[in-house]
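Single-structure report; data block below.
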Amino acid sequence: MANRVVRGTAIAAGVAAVVGGGVGFALGKPVQEEDVVPARKLAADVCARIGDVSALLPKASNGRLTQAGTDAVTCAAGASRQRSTTFSAASVKVTITAYGGKLAGAGEAPFSPTAMATKAFDRSPLKAVPDRPYPTKGDRTVNGLAGESFTTRVLVQRADVVVLVEYTASPVLEDVARQAATVLADRAIWETK
């Protein structure tokens, strides 16, 4: 009787080892943190590369974008009514985010940086803009009483990078503000290639 128990245990252990090895071989090695692709580093001068934005600001404004941040880089420029000799004000803010990968779950391949950027882009409540070379969303908010002041937002995704441009100006035409923000977003996307 004891021999049967020992022999049954040995057979069960052998079967478990073969099945465990087969399952391990089929699934491959487990996904580790080092398998996740990190976010790429953006250039230290990416805002300077975007260039002069003085055409979007009142005359006598400094058209250079100041840069802040490392993971998500923010480029900003602006002019207030107090600093301007004309009766107008404007501000430009460009946020450039390079996404990294992320663990997906037990036994699953990690999400790629592009998949993470796409998820962030898709979560945005902005409205889709058709007929664009890259996925684009946008909206505008009327700030002035007579509809002469707008905050225009344009969101563009290319691969693992998402760019958000926020352009506020007074007075400005709606179409002009939207076109200016879109051109600036495209320029930012180009400079992150």
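The values are calculated or read from the model by the stated rules, or taken from the named source; none is laboratory data. Remember, predicted model here, so these are calculated numbers, not experimental data. Neighbour counts are summed over all protein chains in view; Cβ atoms, including those assigned to glycine, are modelled from backbone coordinates with ideal geometry. SASA here: full protein model, heavy atoms, side chains in, ligands and nucleic acids out. Shrake-Rupley method; radii C 1.70, N 1.55, O 1.52, S 1.80 Å.
Brief remarks on what is shown
- Environment charge at THR151 (Cβ cut-off 13 Å; Lys +1, Arg +1, Asp -1, Glu -1): 0
- Relative to one another, the C-alpha centroids of region 140-193 and region 105-120 are positioned 28 Å apart.
- Reach of LYS193 by Cα under 28 Å, taken over lysines that are not fewer than 8 positions away in the same chain: LYS41, LYS93, LYS102, LYS119, LYS127, LYS137
- Under 13 Å, Cβ to Cβ, from GLY100 - net charge with Lys/Arg +1 and Asp/Glu -1: -1
- ALA104 long-range amide H proximity, modeled H, under 5 Å: PHE111
- Charge context of GLY51, other residues only, Cβ under 13 angstrom, K/R +1, D/E -1: -1
- Under the simplified labelling scheme, the ASP35-LEU173 pair shows an inter-label distance of 5.5 nm, with each label point 7 Å from Cα along Cα→Cβ.
- With each label modelled as a point 7 angstrom along the Cα→C-beta vector, the SER54-ALA128 pair spans 4.1 nm.
- Computed E for LYS93/VAL142 - FRET, C-beta separation, R0 22 angstrom, nearest 0.05: 0.75
- Think of a 1.4 Å ball rolled over the protein heavy atoms: region 64-193 then has 54 Å² of accessible area per residue.
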